[in-house]
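Since the structure comes first, as structure tokens, the remarks are kept for the end.
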Amino acid sequence: MIRLLIFFLFAFLIVFSVQGQNLTISAKVIDKETKEPLSFASVGIKGKPIGTITNLQGEFDFHFPSEFRSEFFVVSMLGYQNYEVEAQLLTGSIGLEIEMTKSTTVLKTVVISDSLQGGDVLRIALARIEQNYPNDPFLLEGFYRDLKKVGGTYVSLLEAAIKIYDENYKEPRNKSKLRERVYLLEVRRSLGYTNKFTTYFDQDNLLEVLLLNNDVRYRLFPDEELFFSNLVREPDSYYNGREIFVISHFKEFALKIFIDKKTYGIIRVEYENNIPEDLGKKRGLVRKFESIKRVVDFKYLGGKFFLNYLTIDYKLNWYDPETDKLRFETELQQQLLINHVYPESKEKIGITQKMKSYGLQYQDQPYNKKFWDDYNVIKESPLDKKIVIDLELEGPLEKQFEKN
């Protein structure tokens with residue numbers, strides 16, 4: 001009897017241990033025909049509020065609770081059919097490549113036969129934001145990264161794990177005032193934040209500034225009739241098993257909007273502006289806006305659309321005020337990945353819990369290596385080797401994280 005009890009106790013401990021562990025799927029996502037890597041493809045467990053995205057080389061490391069091992073693992077990408085397989089079949093695989101097949105049913109055979117124009121589609125989508133996006137308080141957990149680049153050389157790196165709380169998607173009265181509350185879980189940063197060139201970047205909390213660039217949450221679309229009349233409806237596309245409208249604008253700036261045909265929910269916004277602009281003097285030099293690229297992407301969960309990821313690439317050129325000669329270039333790259341969604345969350349972030357309003361680089365969190373080892377981040381790629389080489393001129397990054 002004692003032996004039998006010991007056996008069952010041992011078996012129970014094994015099962016309990018396995019259930020409490022995270023499993024990992026590592027792979028590269030590519031186009032089946034061209035073999036080209038697919039960047040920013042969504043990766044996750046079907047119907048579950050966790051996920052990540054692929055990096056610029058199509059690679060990812062996805063950590064998920066072992067309790068989901070029998071669930072379907074899914075990869076989604078605009079214009080492609082979903083890739084789905086039982087999650088436990090991919091865990092532990094080495095050198096795995098996931099081939100994505102382009103959707104031909106919609107992309108190549110669609111004929112726009114209805115009377116809706118591009119402006120009509122967007123007007124309907126904007127009118128349905130409060131219907132398609134959260135009406136109740138919700139919580140997002142995410143990974144934030146910003147990189148600062150001067151004259152072609154990366155000078156600083158900051159990464160943070162955060163929680164974001166919001167009441168709903170009602171239109172704010174003040175579009176420049178952040179509605180969300182942000183709680184800082186962990187942060188790590190390189191020594192480059194002491195570099196003299198970082199003073200040429202804004203010293204505000206760049207994460208909060210990034211959140212204000214959510215076109216849907218803050219209704220950042222122009223409201224002039226001319227804007228809507230210039231919108232063009234392109235051939236419909238396909239995403240995550242759903243047909244979508246594709247609306248574009250190519251006048252003063254480039255804009256492409258992807259809208260779900262069934263709900264009129266905005267799934268993705270791509271914005272680009274390359275028109276130079278004089279921004280005045282700072283630190284004895286003349287600033288000139290060079291370009292901005294912004295992508296806002298949403299995921300569909302439980303009948304609502306939630307932020308999936310948000311990226312911005314912002315470039316400024318700095319000139320001598322006397323000779324008007326270029327002195328140097330600066331570039332800020334920001335990425336926010338939402339890796340866990342808590343719909344209708346009862347957990348709130350109070351005023352006292354809210355992250356301090358000054359820059360993330362000045363927050364007083366110590367570096368926690370154990371936390372970062374299995375946290376869902378945007379995986380580094382071979383393209384990031386230059387970033388590491390540039391940043392490690394001041395020593396190994398792990399050592400820099402520990403000192404900051």
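Bear in mind that the values in this text are calculations on the coordinates, not laboratory data. If you're wondering where the values come from, they're calculated on a predicted model, not measured in any experiment. Note that we place each Cβ from the backbone using ideal geometry, even for glycine, and neighbour counts take in every protein chain shown.
List the aspartates and glutamates whose alpha-carbon lies under 14 Å from that of residue 288, not counting same-chain residues fewer than 8 positions away?
Those aspartates and glutamates meeting the cut-off are 277, 278, 320, 324, 329, 331.
About the Cα centre, and with charges only on the beta carbon of Lys, Arg (+1) and Asp, Glu (-1), how big is the dipole of segment 121-403? Nearest 20 debye, please. Mind dumping the intermediate values first?
Working: 47 positive and 46 negative charges, 78 e Å.
With only Lys, Arg, Asp and Glu charged at Cβ, the dipole is about 380 debye.
Projecting each Cα onto the charge dipole of segment 19-102 (Lys/Arg +1, Asp/Glu -1 at the beta carbon, about the Cα centre), which of 66, 49, 30 comes out farthest on the positive side?
Result: 49, furthest along the dipole toward the positive end.
Provide the gained length on full extension for the span residue 21 to residue 101, in nm with one decimal, where the gain is 0.36 nm per separating residue minus the Cα-Cα distance. Write down the numbers at each step before the final one.
On the way: separation 80, 0.36 × 80 = 28.80 nm, distance 3.25 nm.
Here the answer is 25.5 nm.
For segment 38-45, what does the Karplus curve 6.51 cos²θ - 1.76 cosθ + 1.60, with θ = phi - 60°, yield as ³J(HN,Hα) per residue in whole Hz, taken in order and with x for Gly and Pro?
10, 7, 6, 7, 7, 10, x, 9
State which entries of 261/293; 175/346; 315/348; 354/379 exceed 30 angstrom in Cα-Cα distance in the structure shown.
Numbers: 261/293 26 Å; 175/346 26 Å; 315/348 36 Å; 354/379 28 Å.
The pairs that break the limit, which is 30 Å between Cα atoms, are 315/348.
Under the Karplus relation 6.51 cos²θ - 1.76 cosθ + 1.60, θ = phi - 60°, what is the ordered set of whole-Hz ³J(HN,Hα) values for segment 329-346, x standing for Gly and Pro?
Karplus values, whole Hz, x for Gly and Pro: 10, 10, 9, 10, 10, 10, 9, 10, 10, 8, 9, 7, 10, 10, x, 6, 5, 8.
Output ³J(HN,Hα) for segment 244-259: one whole-Hz value per residue in order, computed from phi by the Karplus curve 6.51 cos²θ - 1.76 cosθ + 1.60 with θ = phi - 60°, and x for Gly and Pro.
9, 7, 10, 10, 9, 9, 9, 9, 5, 9, 9, 9, 10, 10, 10, 10
Given 395, 336, 121, which one lies farthest toward the positive end of the charge dipole of segment 121-403, if we put +1 on the Cβ of every Lys and Arg and -1 on the Cβ of every Asp and Glu?
Highest projection toward the positive end goes to 336.
Taking amide H positions as placed in the peptide plane 1.01 Å from N, state which residues far from residue 231 in sequence (5 or more) or on other chains have amide H under 5 Å from it.
119
On average over all directions, what projected area in square nanometres does segment 121-403 have, based on the convex hull of its Cα atoms? Don't skip to the answer; put the middle values down first.
On the way: hull surface 67.0 nm².
Taking a quarter of the hull surface, the average projection is 16.7 nm².
Note the count of lysine pairs whose C-alpha atoms are less than 24 angstrom apart in segment 19-102, limited to pairs 8 or more residues apart or on different chains. Walk me through the numbers on the way to the answer.
Working: 28/46; 28/48; 28/102; 32/46; 32/102; 35/102; 46/102.
Value for segment 19-102: 7.
Putting +1 on Lys and Arg Cβ atoms and -1 on Asp and Glu Cβ atoms, find which of 319, 285, 295 reaches farthest to the positive end of the dipole of segment 263-334.
Sorting the options by dipole projection puts first 295.
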